[in-house]
Each structure stands twice: as C-alpha cells, then as structure tokens.
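The values are calculated or read from the model by the stated rules, or taken from the named source; none is laboratory data. These figures come from a predicted structure and were not determined experimentally. Ideal geometry is used to build each Cβ from the backbone, glycine not excepted, and the neighbour counts take in all protein chains shown. Remember, those area values only see protein heavy atoms, side chains included, never the ligands or the DNA or RNA. Shrake-Rupley method; radii C 1.70, N 1.55, O 1.52, S 1.80 Å.
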Amino acid sequence: MDNNNNKNNNVNDSPLVRIHSNAEIRALDLEYEDQSLVSPQSLGRKKHSYDEAAHRSLGSGGSDHCSPLLMRNSVAESIKIVVFSAKINLLMPFGPLAIVVDKFSGHHGWVFFLSLLGIVPLAERLGYATEQLACYTGPTVGGLLNATFGNATELIISIYALRNGMTRVVQQSLLGSILSNMLLVLGCAFFAGGLVYSKREQVFNKGAATVNSGLLLMAVMGLLFPAVLHSTHTELHFGKSELALSRFTSCIMLVAYAAYLVFQLKSQQNLYVPVNEVENQNDADLDDDEAPEISKWEAIIWLSILTAWISILSEYLVDAIEGASVKMHVPVAFISVILLPIVGNAAEHAGAVMFAMKDKVDISLGVAIGSSTQISMFGVPFCVVVGWLIGRPMDLNFQLFETASLFITVLVVAFMVQEGTSNYFKGLMLIFCYIIVAASYFVHVDPTSVEDKPSKPSH
C-alpha cells in the first residue's frame, strides 16, 4: 500500500523525542504483515513519544487513543504477556548467565558481553511497560513517562559508572550513543529504505529535522567551550572555572530541553501533524482505540522490576569494562563509544531500519536524530548535575578528540537532512562515516579513562 503514497503523503510527522515503543520491536517479528507497521492507524496506536502524545490530545479534543479497561491478569498471564510475547526476550537468560560467569570464573570479557546482551531485551520491555502505563495516565503524563524512560538504560549505566568515578566512561558512552544514532542508525535506515524504494527518493519533514539539528549544534557548543577552555589553559581559576562553566551550561541545556518540549506540546503542535492525518481524522478515530494488554498496577510493577534488573546488570557491566578491555586488547574508548551503544541499542536500531523499509522515514528520523537530541540535551547535562549532587566532578570537557568527532558528525548529518529527502547513497555515506569514526576510536588511546576510576581490590 505504501507504493501509492505521493510526496505529500510522505511529509509525515517527525517525532522529536525518542520513540522507544513496542512497535519498533514488533517490526522485527511481524516484518511485512499488513496489520503490523504499515497502516497509519497501527502507527498512530504505537507511537507514544512526547510530541506525538501532545498532538494526539490537542488534535482530537484531548481524547486519549488508548482505551483503558479495568482488567487484571493473573500472575502467569502477566508474565506470559510481558516476558514471552517478543522473540527478542530469548536474550534474557544471558543476564543471569553473566552473574554466574562473574561469580565462578571472573572472566571480564564474557561478563561484559553476556551482561550487555542481557540488557537488550530488558530495555525493549521497559519501553513496552512505559507504553502500557501511558494508556492509563493520559497523553501529557504519558509523554513525560516516555521522555523519562526513553533513555533509562543508558542513564542507569552512566550513573553506576559515575558513582564508581568512571567519568570518562560516562562521557564516552553517552557520546557513542549520539554518534551511533546519527551515523549508523540513520545511515542504515536511509540505505535500507533507499534499496526498497530505489526508483524514487523518500521524503520526510525537513522542518522538524532542522529543529533537531539546531539543538544538536547547541549541545556541541556546550561541549566545545569547556574543552577549548581546558586546552588553551585560559581558565580564570585553574581547575575550577571549567567545572563551574560545565554545571552552569548543563542547567541552561536542561532548561532549553524543557522549553523544547513545551514548544512542540503547545506552540507548534500543528507543525508535526502529518498531512494525511487531518484528512483521515474521522476514520482514524474509529480504528485508533486499543486496549492495553496489562493493568496499570501491573505496568508499574513491571517498570520497577525491569528497572531494578537493568540496574543490577549495569553494575556488572560497568565493573567488567576495564577487565574486558585488557582481555580483548581493545581500548576502553572503543568499548565505551562503539560497542556499548551498538549492542545496547540493537533492538531500536533494527526497528528504525524496518520503519524506513515501510517508507516511514519520519519515524526512523525520530528514533535516530530524536534520540541523539534527547541524550545530548538531557542525558549529558543530567549526568553532570547528578555528579554534582553525589560529589563526582563530571564536566562537559569531553576532550578535543571526542568533541571534534561530535562536531563533524552533527555537520555531516545536518547537510544530509537539509533537503528533506533520503536515498541509499546518503545512507551509504553515513555508514562509511561511522566506520571511519569507529576506526579512529580503535587506535585512540585515552589515558584519562583508567586514571579516573579509583582503584579497588579485585574479586
């Protein structure tokens, strides 16, 4: 049915806050079935990011498109729905296996990879539970929940690393999430979509992409000045000005991100409404009601369980990073910037590619650039503030090498999306750019990555 779409119908809603819904993962299982991701009604039910919840409520008189039912599943039914409903959950046993390997062998390489694989399905299920809870809380609170839990896995890993004094691992892992989303994920989505629709270019909302690019450039500015201040030795108070500037800038970035959410929620909601959504509003309203699969309290309990389990595995993952680096003879910077983001977000990456193959490039753009925007404007400054509160000197000085790689990446992606069109050649160029970045970090030795972590007895 997508073959009949014209360019006007392709200028769809570009979600600006990260999409982390069950629909992305179901794309892996359902692939090209008609009832999965192809129909606009199905997409309307599954998209649940902040701006989508906003324009859904404002565009339909405040009605929520989920239909909460007063229901209660048995424990067995709830476990079956949450744990056994997605094929990606076959990776769940790797989590307990990582703990067993750590207790009996202490092989950091295996502990690292097993815990990393074990976190992948937990992150996906966390998004699913958040989506279910959003059906009961309404669009506004639901949007806040999705914005909060969208990058919960990365933030949990970062907070554990920050608590252990591994500030460079925190900086590099967050940077790696931004780089992989903007180059690898977007590149694969453009490439796969371009191959499927090789006879024409795919079209997306370039206005929304431009807003994201502007926010990413602001994030680059926030990271650039502390790095330059440190490198030029022009601090007013040596060792203090850089940290003070980072904390001040982080507060400004958090305020800017909050204003960005208000902007898309209140001021410019019509900018992100798809062209064909207005035309088919009445038909969509008839078909867009979907009952949640679990009750409100089930969703809350599952959110608590999944968050706790991710926290446990994150601790093993963080503790094994440096040991895995030694065992595999791979720099810590490469593990933090390249391996952690690729494997940790594998399910979302595949979902973005599947959306592009369904000619839904706007959604792929929301997963890729929208996620990068949230990490850079919320995740990074949030970790600086958390470090401030717990007494860890986390700053925005990511060093010149890392800041330069981010700056060039934002410029490349901004040029790629400025026309509002995508094809397989653009995707191929973005993938090649990511390969160059990965190779650079493979030969890059960061002497501060190990020094930042306080020594502790091995076990």
> Ordering SER364, SER105 from largest to smallest accessible area (1.4 angstrom probe), what's the sequence?
Replying inline: SER105, SER364
> Give or take rounding to whole Å, what are the principal axis extents of the alpha carbon atoms in the range 202-271, in descending order?
Replying inline: 48, 27, 11
>> From the P(r) of the range 294-395, could you give the percentage of C-alpha pairs in the tail past 22 Å?
In response: 55
> On full extension of the chain, what length is gained from VAL262 through ILE390, given 0.36 nm per residue of separation minus the C-alpha to C-alpha distance?
Replying inline: 43.1 nm
> Percent of alpha carbon pairs in the range 332-388 separated by more than 14 Å?
Replying inline: 66
>> 5 Å is the cut-off here: which amide hydrogens, built 1.01 Å from N in the peptide plane, fall below it relative to PHE398, excluding neighbours closer than 5 in sequence?
In response: ALA227
> Based on Cα positions only, what radius of gyration and what Dmax would you give for the range 340-424, in angstroms?
Replying inline: 15.8, 47
> Taking the alpha carbon gyration tensor of the range 299-342, what are the square roots of 5 times its eigenvalues, largest first, to the nearest whole Å?
Replying inline: 28, 11, 5
> Want the number for PHE425 to TRP297: 0.36 nm per residue separation, take away the alpha-carbon distance, what's left?
Replying inline: 41.3 nm
> Between HIS444 and LYS199, what is the FRET efficiency for a Förster distance of 41 Å, r being their Cβ-Cβ separation, to the nearest 0.05?
Replying inline: 0.50
>> Under the 0.36 nm per residue contour assumption, what length would be gained going from the current alpha-carbon distance of LEU217 and LEU411 to full extension?
In response: 69.0 nm
> Protein chains only, probe 1.4 Å: how do MET218, MET416 rank by accessible area, largest first?
Replying inline: MET218, MET416
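Exceeding 19 Å between C-alpha atoms, which entries from my cross-link table qualify? They are LYS296/LYS360; LYS199/LYS426; LYS103/LYS327.
Going by Cα-Cα distance, LYS296/LYS360 fall outside the 19 Å limit.
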> In square nanometres, what is the average projected area of the Cα convex hull of the range 392-452?
Replying inline: 5.5
> How far is it, in nm, from the label point at THR210 to the one at SER105 when both lie 7 Å from their Cα along the line to the Cβ?
Replying inline: 5.5
